[in-house]
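Readers should treat all values here as calculations from the given coordinates under stated rules, not as data from a laboratory. If you're wondering where the values come from, they're calculated on a predicted model, not measured in any experiment. All Cβ positions, even for glycine, are placed from backbone atoms using ideal geometry, and neighbour counts span all protein chains on display.
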Amino acid sequence: MTPGVISKKVVTDRLDWVTRMLAEIRSLPLHHYQDFIADKRNVWSAESCLRRGLEALLDIGRHLLAKGFATGVTEYKEIAQRLGEFGVLSPEEAGILRILAGYRNRLIHFYREIGEEELFKICKEQLGDLEIVKDAYLNWLKGHPDKIDERL
């Protein structure tokens with residue numbers, strides 16, 4: 001595979017999706033656990049939006065690797081590792097994305113093990129991790145305009 005150009009449209013669409021999912025989660029009653037679980041739709045909304053936000057971050061990473069570095073990956077945690085190796089993410093940011101990829105896997109494969117309290121705590125206290133990775137992508141893209149296809 002030969003490196004190509006990164007699609008601005010793909011990346012922008014996924015970044016917007018992450019922003020939207022984070023906003024949806026933050027619109028839920030996250031001040032008190034009892035308020036959060038009072039309506040079970042809050043739990044299902046939080047889980048769905050968190051999973052979708054994580055998927056979008058990982059999709060961006062996969063796109064950056066495939067188009068920008070001609071590198072394919074087979075596992076989500078590998079996205080973080082390879083982005084770190086190519087300097088898209090700092091070691092700290094790559095570590096965060098690796099944890100997020102692991103949590104995405106738990107949401108998909110071990111969904112029965114994730115309780116309402118754990119989901120509440122993550123939504124209340126750790127959404128910033130998604131923003132750290134999102135901002136890292138944006139910073140890297142701003143510093144590498146030559147790798148971006150501006151066409152829509």
Could you tell me which of the residues I99, I25 is in contact with a Leu (Cβ under 7 Å, 6 or more places away or on another chain) and closer than 21 Å to A136 by Cβ?
I25
K77: passes all of (1) surrounded by 14 or more Cβ atoms within 10 Å (Cβ to Cβ); (2) in contact (Cβ under 8 Å) with a residue 40 or more places away in the chain but (2)
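Here is a yes/no grid of residues against (1) surrounded by 14 or more Cβ atoms within 10 Å (Cβ to Cβ); (2) closer than 25 Å to F86 by Cα; (3) more than 10 Å from the chain's Cα centre (by Cα):
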{"residue": "V10", "(1), (2), (3)": "yes, yes, yes"}
{"residue": "A23", "(1), (2), (3)": "no, no, yes"}
{"residue": "A38", "(1), (2), (3)": "no, no, yes"}
{"residue": "V43", "(1), (2), (3)": "yes, no, yes"}
{"residue": "E47", "(1), (2), (3)": "yes, no, yes"}
{"residue": "L50", "(1), (2), (3)": "yes, no, no"}
{"residue": "E55", "(1), (2), (3)": "yes, yes, no"}
{"residue": "L58", "(1), (2), (3)": "yes, yes, no"}
Report the residue count in region 111-144 for those that are touching a residue at least 40 places away in the same chain (Cβ under 8 Å) and either small (G, A, S) or touching a strand residue (DSSP E or B) at 6+ places or on another chain (Cβ under 6 Å) (or both).
1
